[in-house]
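See structure below.
The values are calculated or read from the model by the stated rules, or taken from the named source; none is laboratory data. No experiment lies behind these values; they were computed from the predicted model shown. Cβ placement follows ideal geometry from the backbone for every residue including glycine, while neighbour counts extend to all protein chains displayed. All accessible areas refer to the heavy atoms of the entire protein, side chains included, with ligands and DNA or RNA removed. Shrake-Rupley method; radii C 1.70, N 1.55, O 1.52, S 1.80 Å.
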Amino acid sequence: MSEIERESMEYDVVIVGGGPAGLSAAIRLKQLDPDLDVVLLEKGSEVGAHILSGAVLDPCGLDALIPDWKEKGAPLNTPVTEDHFYMLGAEGEVRIPNWPMPKLMDNHGNYIVSMGNVCRWMAEQAEALGVEIFPGMACSELVYGDNGEVRGVIAGVFGLEEDGSYGPNTEPGMELLGKYVFLSEGVRGSLAKEVIAKYDLSAGKEPQKFGIGMKEIWEIDPAKHKEGSVTHTMGWPLNSNAGGGSFIYHLENNQVYVGFVVHLNYENPHLYPYMEFQRFKHHPMVAELLEGGKRVAYGARAISEGGYQSMPKMVAPGVALLGCSVGMVNVPRIKGNHNAMLSGKAAAEAAVAALKAGRASDELSDYETEVREGAIGKDLKPVRNVKPMWSKWGMLPSLALGGLDMWTNSLFGFSFFGTLSHGKTDAAATGKATDHKPIDYPKPDGKLSFDRLTNVSFSFTNHEESQPAHLKLKDPSVPVAVNLPEYAGPSARYCPAGVYEFVEKDGEQQFVINFQNCVHCKTCDIKDPSQNINWTVPQGGDGPNYPNM
């Protein structure tokens, strides 16, 4: 692309991604040095448009970043008032008492929030400090310096031809260059993926693990609503087919978040995560809550689950990875936003110290040290074995042994198990179709459960149809020649938005990519058993437009 002429703008720090990590970094940079030139680029149509999270927020990150957040009107309006945990069977449930659980599992002092609204509020705080925020600006390429360091990004490319080439109406975008570049794209971001591969940042680390999280917002009968109530479940309907579970959070205005997570290391390629979610809502406990209510929104996204041992090296020359670009979710707590905020704060502090010392475009090693040895590491290290225990030994043994491990780590700082390995990647964990039984799923009833395409319309996703598909196949023959006969075409099921389908035409199977449906969850990039799908950014402003998710 060297022949493409672009405008170029110089900043002290360029931040990619307007989630909690990127916004925290932007705010902290300007708190420490108001004279810094800081720009934040967000691919969504507005900050918050692509934010999908449960979410019960531990406010420790916000406390550290903006201690007077209450006085400044942060939208943390619903404190947790009660906390329930259930083991589900097909027709009933058993409540697991709270008292045996480690203190770290307690939600007292946390808040049920819309992370989209929290990020919108954080963007207002950042702009008030002088941060330049450009929404609708997808960052499609990295810019490298003469010595191989990351110098910036190319953002705002619009109007590519259908084959991906530059045409007469293409807007070539801009180069935004910085002394440091922060990548806070969320899970499996395309630029972070490139950086991790280029600099071999995962060397010596466990493979990252992922889940697919799906969520609906429901408006329910006021008589059934319990503002501040938090419920988590495990067991049915997944049982032994996959790890995962659900959450039900009662926020204000008679609304509830109903969500379902499926760990992506499942073996049976016939598993259909979206339909497991829809089936879950027919459990008597859940159905009774939702009956008479109305679903008002839907979304999905991947979740990083590898934890402490899967975090790659976070810095390379000129660049730092923040938040979910590293993978900072505390799996048993089902929380990562607080760590994302703390990572942004730590990266900003390291960058300001470096800039004051006259440095630029080198490795911010102090940032990595703070993440691994500071509050984030202390949050993640005690729970590092919960996920691999579940993967190796199943739900019930991991529930007992994981609880023991969290207790010994929390009280005494050691584990009887050391640090367990995750083993295979989620893609490699996928088994052959002939080795597993197909799963029969009930048809959605249109009241509690819904077909996939109808639900996707409630994500308000949109993509300009004349642009090239942002979902790239490394080898176009693989879906029909390999994945269909060997794995029964799993992309038709693991995608929560119905992007992929196999259709018969003239007696032959064809692979169709309906990229307009994409909700940017990245599951295809993660779970495809042949690792043949590469998720890249579409043009800016495209994708979901989540309301208060």
When the stretch 107-149 is examined, which residues are found to be under 24 Å from the mean Cα position of the chain (by Cα) and aliphatic (A, V, I, L, M)? Ile112, Val113, Met115, Val118, Met122, Ala123, Ala126, Ile133, Met137, Ala138, Leu142
In the set Phe247, Phe260, Phe277, which member is in contact (Cβ under 8 Å) with a residue 24 or more places away in the chain, of a type in the set (Phe, Trp, Tyr), assigned to a helix (DSSP H, G or I) and closer than 20 Å to Leu52 by Cβ? Phe277
For the stretch 22-51, name all the residues that are under 26 Å from Leu104 (Cβ atoms) and open to solvent by 10 Å² or more (accessible area, probe 1.4 Å). Arg28, Ile51
Looking at the stretch 443-518, what helices (runs of 4 or more DSSP H) fall wholly within it and have at least 2 residues that are at pLDDT 95 or above, in contact with a helix residue (DSSP H, G or I) (Cβ under 8 Å, 6 or more places away or on another chain) and under 17 Å from Leu271 (Cβ atoms)? 484-487, 491-494
Given (1) out of contact with any strand residue (DSSP E or B) (no Cβ under 6 Å at 6 or more places or on another chain); (2) open to solvent by less than 60 Å² (accessible area, probe 1.4 Å); (3) over 30 Å from Glu127 (Cα atoms), where does Pro59 come up short, assuming only one miss? (3)
Boolean, Val296 is in a strand (DSSP E or B) and surrounded by 23 or more Cβ atoms within 10 Å (Cβ to Cβ): no
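One line per residue, one yes/no per condition, for (1) part of a helix (DSSP H, G or I); (2) farther than 23 Å from Leu355 by Cα; (3) modelled with pLDDT of 95 or more:
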| site | (1), (2), (3) |
| --- | --- |
| Ile15 | no, no, yes |
| Ala21 | yes, no, yes |
| Ala26 | yes, no, yes |
| Pro34 | no, no, yes |
| Ile51 | no, yes, no |
| Trp69 | no, yes, yes |
| Ala74 | no, yes, yes |
| Trp99 | no, yes, no |
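Hey, any hits in the stretch 432-451 for a residue that's closer than 30 Å to Lys43 by Cα and open to solvent by less than 50 Å² (accessible area, probe 1.4 Å)? Full working, then the answer.
Residues of the stretch 432-451 that are closer than 30 Å to Lys43 by Cα, as a first pass: 450-451.
So of that shortlist, the ones also open to solvent by less than 50 Å² (accessible area, probe 1.4 Å) come out as 450.
Yes; the residues of the stretch 432-451 include at least one that is closer than 30 Å to Lys43 by Cα and open to solvent by less than 50 Å² (accessible area, probe 1.4 Å).
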Which is out of contact with any Cys (no Cβ under 6 Å at 6 or more places or on another chain), free of Cβ contacts under 8 Å to residues at least 60 places away in the same chain, among the charged types (D, E, K, R) and open to solvent by 10 Å² or more (accessible area, probe 1.4 Å), of Glu368, Glu349? Glu368
Please verify whether the stretch 212-223 includes one or more residues that are assigned to a helix (DSSP H, G or I) and of a type outside the set (S, T, N, Q). yes
Long-range neighbours under 6 Å by Cβ, at least six apart or interchain, first residue under 21 Å from Glu46 (Cβ atoms) and open to solvent by 20 Å² or more (accessible area, probe 1.4 Å) within the stretch 129-157, second in a strand (DSSP E or B) and among the charged types (D, E, K, R): Pro135/Glu42
I'd like the residue in the stretch 198-224 that is open to solvent by 10 Å² or more (accessible area, probe 1.4 Å) and of a type in the set (Lys, Arg) and, out of all such residues, is farthest from Tyr274 (Cα to Cα). Lys198
Flagged pairs (Cβ under 6 angstrom, 6 or more apart or on separate chains; first in the stretch 436-465, touching a residue at least 12 places away in the same chain (Cβ under 8 Å) and within 27 Å of Glu486 (Cβ to Cβ); second open to solvent by less than 80 Å² (accessible area, probe 1.4 Å) and not in a loop (DSSP other than H, G, I, E, B)) are Tyr441/Met275; Arg452/Tyr274
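Quick grid of which residues meet (1) within 21 Å of the chain's Cα centre (by Cα); (2) β-branched (Val, Ile, Thr); (3) surrounded by 14 or more Cβ atoms within 10 Å (Cβ to Cβ):
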residue: His422; (1), (2), (3): yes, no, yes
residue: Ala428; (1), (2), (3): yes, no, no
residue: Val456; (1), (2), (3): yes, yes, yes
residue: Glu465; (1), (2), (3): no, no, no
residue: Leu473; (1), (2), (3): no, no, yes
residue: Val478; (1), (2), (3): no, yes, yes
residue: Ser491; (1), (2), (3): yes, no, yes
residue: Glu501; (1), (2), (3): no, no, yes
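Would it be correct to say that Ser190 is of a type in the set (Ser, Thr, Tyr) and either under 19 Å from Ala21 (Cβ atoms) or under 19 Å from the mean Cα position of the chain (by Cα) (or both)? Show your work before the answer.
On the way: of a type in the set (Ser, Thr, Tyr): yes; either under 19 Å from Ala21 (Cβ atoms) or under 19 Å from the mean Cα position of the chain (by Cα) (or both): yes.
Spelling it out, Ser190 is indeed of a type in the set (Ser, Thr, Tyr) and either under 19 Å from Ala21 (Cβ atoms) or under 19 Å from the mean Cα position of the chain (by Cα) (or both).
Of the residues Met395, Met406, Met389, only one is open to solvent by less than 60 Å² (accessible area, probe 1.4 Å) and farther than 20 Å from Gln309 by Cα; which? Spell out how you get there, then give the answer.
On the way: Met406 fails: farther than 20 Å from Gln309 by Cα; Met389 fails: farther than 20 Å from Gln309 by Cα.
Answer to the selection: Met395.
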Being in contact with a helix residue (DSSP H, G or I) (Cβ under 8 Å, 6 or more places away or on another chain), of a type outside the set (Gly, Ala, Ser), part of a loop (DSSP other than H, G, I, E, B) and over 18 Å from Leu448 (Cα atoms) narrows Lys226, Lys205 down to just Lys205
Out of Asn77, Asn107, sole residue that is closer than 30 Å to Leu238 by Cα and either open to solvent by 40 Å² or more (accessible area, probe 1.4 Å) or touching a residue at least 60 places away in the same chain (Cβ under 8 Å) (or both): Asn107
Within the stretch 256-293, can you find the residues that are of a type in the set (Phe, Trp, Tyr) and either open to solvent by 30 Å² or more (accessible area, probe 1.4 Å) or modelled with pLDDT under 95 (or both)? Tyr272
